[in-house]
1. Quick one: in segment 93-103, of everything that is farther than 22 Å from residue 167 by Cα and out of contact with any helix residue (DSSP H, G or I) (no Cβ under 9 Å at 6 or more places or on another chain), which residue is surrounded by the most Cβ atoms within 10 Å (Cβ to Cβ)?
2. Is there any pair linking a residue in segment 35-59 that is closer than 17 Å to residue 176 by Cβ and in a loop (DSSP other than H, G, I, E, B) to one that is at pLDDT below 95 and within 16 Å of ligand 2 (Cβ to nearest atom), with Cβ under 7 Å and at least six apart or on different chains, and which?
3. Checking residue 107 against (1) within 16 Å of ligand 1 (Cβ to nearest atom); (2) over 19 Å from residue 76 (Cα atoms): exactly one of these is not met. Which one?
4. If you go through segment 64-73 one residue at a time, do you hit one that is surrounded by 13 or more Cβ atoms within 10 Å (Cβ to Cβ), more than 16 Å from ligand 2 (Cβ to nearest atom) and outside any helix (DSSP H, G or I)?
5. State all residues of segment 36-56 that are surrounded by fewer than 17 Cβ atoms within 10 Å (Cβ to Cβ) and more than 16 Å from ligand 2 (Cβ to nearest atom); if no residue qualifies, say none.
6. Could you list all residues from segment 104-132 that are touching a helix residue (DSSP H, G or I) at 6+ places or on another chain (Cβ under 9 Å), without any contact (Cβ under 8 Å) to a residue 40 or more places away in the chain and part of a loop (DSSP other than H, G, I, E, B)?
7. Just wondering, is there one or more residues in segment 150-161 that are within 16 Å of ligand 1 (Cβ to nearest atom), touching a residue at least 40 places away in the same chain (Cβ under 8 Å), within 16 Å of the chain's Cα centre (by Cα) and surrounded by 21 or more Cβ atoms within 10 Å (Cβ to Cβ)?
8. Of the residues 147, 135, which single one is in contact (Cβ under 8 Å) with a residue 40 or more places away in the chain, part of a helix (DSSP H, G or I) and either surrounded by 14 or more Cβ atoms within 10 Å (Cβ to Cβ) or over 13 Å from the mean Cα position of the chain (by Cα) (or both)?
Ligand SMILES: Nc1ncnc2c1ncn2[C@@H]1O[C@H](COP(=O)(O)OP(=O)(O)OP(=O)(O)O)[C@@H](O)[C@H]1O
Ligand SMILES: [Mg+2]
């Protein structure tokens, strides 16, 4: 998929400016930037949850509906129903995709270590448990493009490992992801390329190598210290 010269306005304010970005199947890209830089907005544009004011979104060979079906979304507002149990939440989403086989759902719950609490209502869950369930929810329909907005946020060390393992397994099967994270070093470990956003613009791109990390961090620190881009 490709964004060409995309501009986004929210409340008449420019939030993304002149974005040129491409994401090929199977590629894992880290999106880095300060609070308010536009990372979540960029993910929402790519997910076609919000429309750009101008510019083009090109998705090779797929219409909007087909594209959305190929996507698994993990956003901080977790799309979970608090009064339903963990399993009922997954069943609900599975039905939206016209499937109804509980077997894979139990496997997913096991992958995120929630099988023992599958029949507990979500409102009894801790923040980390909800986060793990929202990750399972995003995977219900077997998407091959994952949009991950701070998915490690709120996870303890063990849950973090669980998610890393789950992503690695998907990646080995050709699934790609966009990963927003404030832990830049961690994001570099999990991706092959990183882009730095600042005030709605992509200001730097780097391969996820140690040299790429040093270059990107130098640029990022410079920007965080209030210097102009
Ligand atoms: N619904 C909205 N209406 C108006 N402005 C918005 C809206 N959502 C976001 N913004 C503005 O857009 C800018 C980018 O927001 P965005 O949520 O994309 O940032 P972010 O990089 O994800 O930040 P964070 O690291 O805090 O999650 C911010 O200045 C924010 O105030
Ligand atoms: Mg955000």
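1. 99
2. Close Cβ pairs (under 7 Å, with a partner that is at pLDDT below 95 and within 16 Å of ligand 2 (Cβ to nearest atom)) do not exist here.
3. (1)
4. Scanning segment 64-73, I find at least one residue that is surrounded by 13 or more Cβ atoms within 10 Å (Cβ to Cβ), more than 16 Å from ligand 2 (Cβ to nearest atom) and outside any helix (DSSP H, G or I), so the answer is yes.
5. Correct list: 48, 51, 53, 54, 56.
6. Within segment 104-132, 114, 118, 119, 120, 125 meet the criteria.
7. Checking segment 150-161: at least one residue is within 16 Å of ligand 1 (Cβ to nearest atom), touching a residue at least 40 places away in the same chain (Cβ under 8 Å), within 16 Å of the chain's Cα centre (by Cα) and surrounded by 21 or more Cβ atoms within 10 Å (Cβ to Cβ).
8. Of 147, 135, the one residue that is in contact (Cβ under 8 Å) with a residue 40 or more places away in the chain, part of a helix (DSSP H, G or I) and either surrounded by 14 or more Cβ atoms within 10 Å (Cβ to Cβ) or over 13 Å from the mean Cα position of the chain (by Cα) (or both) is 135.
The values are calculated or read from the model by the stated rules, or taken from the named source; none is laboratory data. Quick caveat, the model's predicted, so the values are computed rather than measured. Cβ coordinates were reconstructed from backbone atoms using ideal geometry, including for glycine residues, and neighbour counts include every protein chain displayed.
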